[in-house]
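Below is one structure. I have some questions about it.
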Amino acid sequence: MQTIEGRIYGDHGWDGPENQSFKWDNATVMTREINEYVQRNWENIRGDLALKGFHRAGYNAGHRVGEGFLNGGMYGFGPRQAEYMSTSLVRLRIRLVPGADPARLFLVSAFPAGIL
């Protein structure tokens, strides 16, 4: 069984160990946060999509959006140790759908984060 804590250690089912692993509090929080971000930042998103074909962001939502674990021993400072925390940080990636006519955007990923 995969867990967000187990991802820190690279438990069975994960591709390998990670230094952070977070999940949304629930689907409602996720949907609301993504929609509000897109609405607030549409001009920047549109410009990035037009110039680069993608948009990436890391930001502080200003309120709790999820929970998870940071690796307390990251960057070689010690053994892997999952440290629980709640977070208000979000990472988001949007791309254009390849070959779509007219152009359409695609949300590649959006997830809570412990470090941006």
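The values are calculated or read from the model by the stated rules, or taken from the named source; none is laboratory data. The model shown is predicted, which means the values in this text are computed figures rather than measured ones. Cβ atoms come from the backbone with ideal geometry, glycine included; neighbour counts cover every protein chain shown.
Yes/no matrix, rows are residues, columns are (1) more than 18 Å from the chain's Cα centre (by Cα); (2) at pLDDT 95 or above:
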residue	(1), (2)
9	yes, no
19	no, no
68	no, yes
73	yes, no
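Right, something else. Out of the residues in the stretch 85-107 meeting the condition of being of a type outside the set (D, E, K, R) and touching a residue at least 40 places away in the same chain (Cβ under 8 Å), tell me which one is farthest from residue 71 (Cα to Cα). Walk me through it before giving the result.
Of the residues in the stretch 85-107, the ones of a type outside the set (D, E, K, R) are 85-90, 92, 94, 96-100, 102-103, 105-107.
Still in the running and touching a residue at least 40 places away in the same chain (Cβ under 8 Å): 87, 90, 92, 94, 96, 103, 105, 107.
Working: 87: 14, 90: 18, 92: 21, 94: 27, 96: 33, 103: 39, 105: 33, 107: 27 Å.
So, considering only residues that are of a type outside the set (D, E, K, R) and touching a residue at least 40 places away in the same chain (Cβ under 8 Å), the one farthest from residue 71 (Cα to Cα) is 103.
Next question, about the same structure. Determine whether the stretch 68-81 contains at least one residue that is surrounded by 12 or more Cβ atoms within 10 Å (Cβ to Cβ), among the basic types (Lys, Arg) and outside any strand (DSSP E or B).
Within the stretch 68-81 (the criterion being surrounded by 12 or more Cβ atoms within 10 Å (Cβ to Cβ), among the basic types (Lys, Arg) and outside any strand (DSSP E or B)), the answer is yes, since at least one residue qualifies.
Moving on to the next point. Which residues, taken from the stretch 36-67, are closer than 19 Å to residue 112 by Cα, surrounded by 11 or more Cβ atoms within 10 Å (Cβ to Cβ) and not hydrophobic (A, V, I, L, M, F, W, C)?
36, 37, 40, 41, 55, 56, 58, 59, 60, 64, 66, 67
Given the conditions (1) more than 13 Å from the chain's Cα centre (by Cα); (2) in a helix (DSSP H, G or I), which single one is not true for residue 34?
Every condition holds for residue 34 apart from (1).
Moving to a separate point now. Please enumerate the residues belonging to the stretch 37-57 that are within 15 Å of the chain's Cα centre (by Cα) and either over 12 Å from residue 94 (Cα atoms) or not in a strand (DSSP E or B) (or both).
37, 38
For every residue, the table says whether it meets (1) modelled with pLDDT under 95; (2) basic (Lys, Arg).
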{"position": "57", "(1), (2)": "no, no"}
{"position": "80", "(1), (2)": "yes, yes"}
{"position": "87", "(1), (2)": "no, no"}
{"position": "92", "(1), (2)": "no, no"}
{"position": "98", "(1), (2)": "yes, no"}
{"position": "102", "(1), (2)": "yes, no"}
{"position": "112", "(1), (2)": "no, no"}
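On the given criteria, is residue 62 under 18 Å from the mean Cα position of the chain (by Cα), over 28 Å from residue 2 (Cβ atoms) and either aromatic (Phe, Trp, Tyr) or assigned to a loop (DSSP other than H, G, I, E, B) (or both)?
yes
Starting from the stretch 71-83, take each residue that is touching a residue at least 12 places away in the same chain (Cβ under 8 Å) and under 16 Å from residue 11 (Cβ atoms) and list its partners that are aromatic (Phe, Trp, Tyr) and surrounded by 15 or more Cβ atoms within 10 Å (Cβ to Cβ), counting only C-beta distances under 8 angstrom and pairs at least six apart or across chains.
80/9; 82/9; 82/69
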